[in-house]
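In what follows, a structure is listed as structure tokens, so that the remarks can point back to it.
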Amino acid sequence: QVSQNELDWFHQDSEAQMKKWQQEKKENRENLKALKGTAKKHSDTNERYLKTIDEKEKQYNASLKTFLDT
């Protein structure tokens, strides 16, 4: 049979493992949140660059057309 001490050790080990997993889960959530924020910033920056490129391309095409017309 399993002694009471062995049950206590098992219980303590289980609690320690659970606390460790909970801490890892918390850290993973925080890291995921930070990564999502970084991804959002990069996505926003990319969108701004794409808009700027489109605007510059329109300006270039208008200038080119004016140049070719003259």
Considering only segment 37-47, I want to know if a residue exists there that is open to solvent by 90 Å² or more (accessible area, probe 1.4 Å) and hydroxyl-bearing (Ser, Thr, Tyr). no
Could you figure out which of (1) at pLDDT below 95; (2) part of a helix (DSSP H, G or I) isn't true of residue 1? (2)
Determine whether segment 5-23 contains at least one residue that is surrounded by fewer than 10 Cβ atoms within 10 Å (Cβ to Cβ) and either of a type outside the set (A, V, I, L, M) or on the phi > 0 side of the Ramachandran plot (or both). yes
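The values are calculated or read from the model by the stated rules, or taken from the named source; none is laboratory data. Given the structure is predicted, the values throughout are model-derived calculations rather than measurements. Quick reminder, even Gly has a Cβ in these numbers, built from the backbone with ideal geometry, and neighbours come from all protein chains shown. Ligands, DNA and RNA are stripped out before the accessible areas are found, and what is left, the full protein with its side chains, is counted by its heavy atoms. Shrake-Rupley method; radii C 1.70, N 1.55, O 1.52, S 1.80 Å.
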